[in-house]
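Asker: Submitted below is the structure of interest, expressed as structure tokens.
Derivation of every value follows stated rules applied to the coordinates shown; laboratory data play no part. What you see is a predicted model; the values in this text were computed from it and never measured. Positions of Cβ are generated from backbone atoms using ideal geometry, with glycine treated the same way; all protein chains shown enter the neighbour counts.
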Amino acid sequence: MYRILIVEDDEGIASGLKKQLTAWNFQGRCVQDFRHVMAEFSDYLPHLVLLDITLPFFNGYYWCGEIRKVSKVPIVFLSSASDNMNIVMAMNMGGDDFMAKPFDPGVLVAKIQAILRRTYDFAGAVPVLEHRGALLNTGDGTLTYENQVIDLTKNEYRILFSLMQQKGAVVSREKLMEQLWENGSFVDENTLTVNVNRLRKKLEAAGLSDFIATKFGVGYRLA
């Protein structure tokens, strides 16, 4: 079942969209926290985003830009501001389509179906992991946080990927070393410690203090 994230602050419109999508066998979620849209995006990993332009705190153009930093997921803009300037801007920001309000729900569903067919006949789900606002793109190995791109070595990426993939759980040092070995990096206990410490310093420098916690004698987990 395709997941669709609805970024719309009008509760009536948002709930109506969700109900319509459910009727067509889509799974919909309405954003609740308009300050942290990217956190909800990364938690839900939608196959498509319906995005209003006029939103609290930051507008739809801003969130489209943020999504495009980490994902190629299709984005359909929804707006009553349907003049040519807004349509052109929406497309230039990375939108895939534009629907003017008020719109026919049947036409919107038809557009969504067409976009999903075009996109996912050839592609998979959105490869992004999130923790505390940090977004790890597993497609290109980049980490972004508050408009910063944090450079990671291959080992640092693999360590962070393992921890974010199993967030909430402790990943043993043995498991981390085993995964690094499987990817061609021959590390021992000391080398793993050095890599984790270097990764922590990069995260702290970007504002992500205490991101990785140590479980003494066992391994590491996300804090």
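Asker: Please check which bits of the stretch 21-62 a label hung off L116 would reach, taking the label as a point 7 Å along Cα-to-C-beta and the cut-off as backbone N under 20 Å.
Answerer: Counting only backbone N, you get 21-31, 41-52.
Asker: Can you compute the charge dipole magnitude of the chain about its Cα centre, using +1 on each Lys and Arg Cβ and -1 on each Asp and Glu Cβ, nothing else charged? Give it in debye, rounded to the nearest 20.
Answerer: Values: 24 positive and 26 negative charges, 85 e Å.
In debye, rounded to 20, the chain gives about 400.
Asker: Excluding residues fewer than 8 places away in the same chain, name every one of the lysines whose C-alpha is closer than 30 Å to that of K167.
Answerer: Leaving aside lysines fewer than 8 places away in the same chain, those within reach of K167 are K18, K69, K72, K154, K175, K201, K202, K215.
Asker: Among A223, T54, L78, whose Cα lies farthest out toward the positive end of the dipole of the chain, if unit charges sit on the beta carbon of Lys, Arg (+1) and Asp, Glu (-1)?
Answerer: A223
Asker: Pairing the Cα long axis of helix 189-205 with the longest principal axis of the chain, what angle in degrees results, from 0 to 90 and rounded to the nearest 10?
Answerer: So the inclination is approximately 40 degrees.
Asker: Next question. For the stretch 159-213, give the magnitude of the charge dipole about the Cα centre (Cβ charges: +1 Lys/Arg, -1 Asp/Glu; no others), in debye to the nearest 20. Don't skip to the end; give the middle numbers.
Answerer: Details: 7 positive and 7 negative charges, 50 e Å.
For this selection, approximately 240 debye.
Asker: Helix 173-182 versus the longest principal axis of the chain: what angle, 0 to 90°, nearest 10, using Cα atoms?
Answerer: 70 degrees
Asker: Separate question: Just to be sure I understand the model, the point goes 7 Å from the Cα along the line to the Cβ. What's the resulting T22 to S80 distance in nm?
Answerer: Result: 2.6 nm between the two label points.
Asker: Testing the spin-label approximation: label points 7 Å from Cα along Cα→Cβ at D33 and D9. State their distance in nm.
Answerer: Output for this residue pair reads 1.7 nm.
Asker: Also: Using packing as a proxy for protection, rank 24-37, 45-58 so that the peptide with the highest average count of other Cβ atoms within 10 Å comes first. It would help to have the intermediate numbers written out before the result.
Answerer: On the way: 24-37: 15.6, 45-58: 20.3.
Descending packing order for the listed peptides: 45-58, 24-37.
Asker: Now for a different question. When averaged across all projection directions, what area in nm² does the alpha-carbon convex hull of the chain cover? Spell out each step's value before the answer.
Answerer: Working: hull surface 53.3 nm².
Answer in nm², one decimal: 13.3.
Asker: For the chain, find the longest principal axis of its Cα atoms and tell me its angle to the long axis of helix 154-165, 0 to 90°, nearest 10.
Answerer: Between helix and principal axis, roughly 60 degrees.
Asker: Sticking with this structure for a sec: Please state the Cα pair-distance histogram of the stretch 3-120 with 10 angstrom bins from zero: what percent is in each bin?
Answerer: The calculated distribution, bin by bin, is 14, 53, 32, 1.
Asker: A further question on this structure: How big is the dipole moment of the stretch 128-222 about its Cα centre under a simple scheme where the beta carbon of each Lys and Arg is +1, that of each Asp and Glu is -1, and everything else is neutral? Debye, nearest 20, please. Mind showing how you got there, number by number?
Answerer: On the way: 12 positive and 12 negative charges, 43 e Å.
It works out to roughly 200 debye.
Asker: What is the packing order of peptides 128-134, 194-200, taking the mean over residues of other C-beta atoms within 10 Å and listing the highest first? All intermediate terms of the calculation are to be shown ahead of the outcome.
Answerer: Working: 128-134: 18.7, 194-200: 17.1.
Ranked from most to least packed, the peptides come out as 128-134, 194-200.
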